[in-house]
Amino acid sequence: TAINHPFNTTQGLIVIDLIYQDLMSITATNTAHSLVFGNGENLPPGVYDLVGTTSIAGTLVLDGGGDPNSEFIIRSTGPFTTGVGTTVTLINGANSNNIFWVSELRMSTGANSIFKGTLISRAGAVSLGVSTSIEGRVFTKAGELSVGAHCILTIPTGISPIDLRSLSSFAMFTSSGAVSADISSTVTGDVGTGLGAI
């Protein structure tokens, strides 16, 4: 019989550090990509390291190449943004559980974005623009989390290749900062903060 233990915030703070460390410890396989993804691009799996402000414009297709375990990890030293109406599409086995967008600074989505994967910032706020639809998670080690009007945030089904430990049921978690969502939005998954109002 499974035993469910209450979530421990102190444990959550440790876990989000471990998730970030796990993502940063993976060796990069692709370093030559430009700072802008999308505009109809078909992106193969890999670990992409970028220096500077990173963004997605238009449509970005993540192509799993027929491998349901294919992983996409995009790491940026700068802020991360998506343009208005950006769409991330998955084909050939690509899975939202296996997609991670990592930034050292703030992260945001433009209005009417359709997004896949987990957003995780080392030291910045993360915000979802009006009418963003995201299948993934929103994490930060330091900063507020905010969800605009008419957004849909849903955690993926299945198991993440990065061990999310006690945060696996969370849609939103920050080590330090407020967490807010417009009343018109839907968030499916747990929500938490180590320090701040919800």
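Residues in the stretch 54-60 carry Karplus couplings, in order, of 10, 8, 10, 10, x, 10, 10 Hz; the curve used is 6.51 cos²θ - 1.76 cosθ + 1.60 with θ = phi - 60°, and Gly or Pro positions show x. Accessible surface for the stretch 1-152, divided over its residues, is 42 Å² per residue with a 1.4 Å probe. Can you bin the stretch 99-178 into rounded, prolate or oblate? Criterion: square roots of the alpha carbon gyration tensor eigenvalues sorted a ≥ b ≥ c, rounded for a/c under 1.5, prolate for a/b above b/c, oblate for the rest. Oblate is the answer for the stretch 99-178, as a/c is 1.5 or above yet b/c matches or exceeds a/b. Axis angle, to the nearest 10 degrees, between helix 9-25 and the longest C-alpha principal axis of the chain: 20 degrees. Specify whether the C-alpha gyration tensor of the stretch 51-190 places it in the rounded, prolate or oblate class, a ≥ b ≥ c being the square roots of the eigenvalues: rounded for a/c under 1.5, otherwise prolate if a/b is larger than b/c and oblate if not. Rounded, since a/c falls under 1.5. Computed about its Cα centre, the charge dipole of the stretch 44-142 is approximately 340 debye, with only Lys, Arg, Asp and Glu carrying charge at their Cβ.
Might you report the magnitude of the Cβ-based charge dipole of the chain about its Cα centre, with Lys and Arg at +1 and Asp and Glu at -1, to the nearest 20 debye? It would help to have the intermediate numbers written out before the result.
Values: 7 positive and 13 negative charges, 52 e Å.
Charge dipole, the chain, about its Cα centre: 240 debye, nearest 20.
Distance between the C-alpha centers of the stretch 106-154 and the stretch 33-101? Whole Å please. The stretch 106-154 and the stretch 33-101 have Cα centres spaced 15 Å from each other.
Each peptide among 12-23, 102-113 gets the average number of other Cβ atoms lying within 10 Å of its residues, and from highest to lowest they stand as 102-113, 12-23. Which of rounded, prolate or oblate describes the stretch 75-116 when judged by the alpha-carbon gyration tensor and an a/c cut-off of 1.5? Judged from the Cα gyration tensor, the stretch 75-116 comes out oblate (a/c at least 1.5, b/c at or above a/b). Ligands, DNA and RNA left out, the 1.4 Å accessible surface of the chain is 54% carbon and sulfur atoms.
Full extension of the chain between residue 67 and residue 39 gives 7.7 nm of extra length, using 0.36 nm per residue less the Cα-Cα distance.
The values are calculated or read from the model by the stated rules, or taken from the named source; none is laboratory data. Note that the structure is a prediction, hence the values are computed from the model and not measured. Please note: Cβ atoms are built from the backbone with ideal geometry, for glycine as well, and neighbour counts cover all protein chains shown. Note: areas computed on protein heavy atoms with side chains; ligands, DNA, RNA excluded. Shrake-Rupley method; radii C 1.70, N 1.55, O 1.52, S 1.80 Å.
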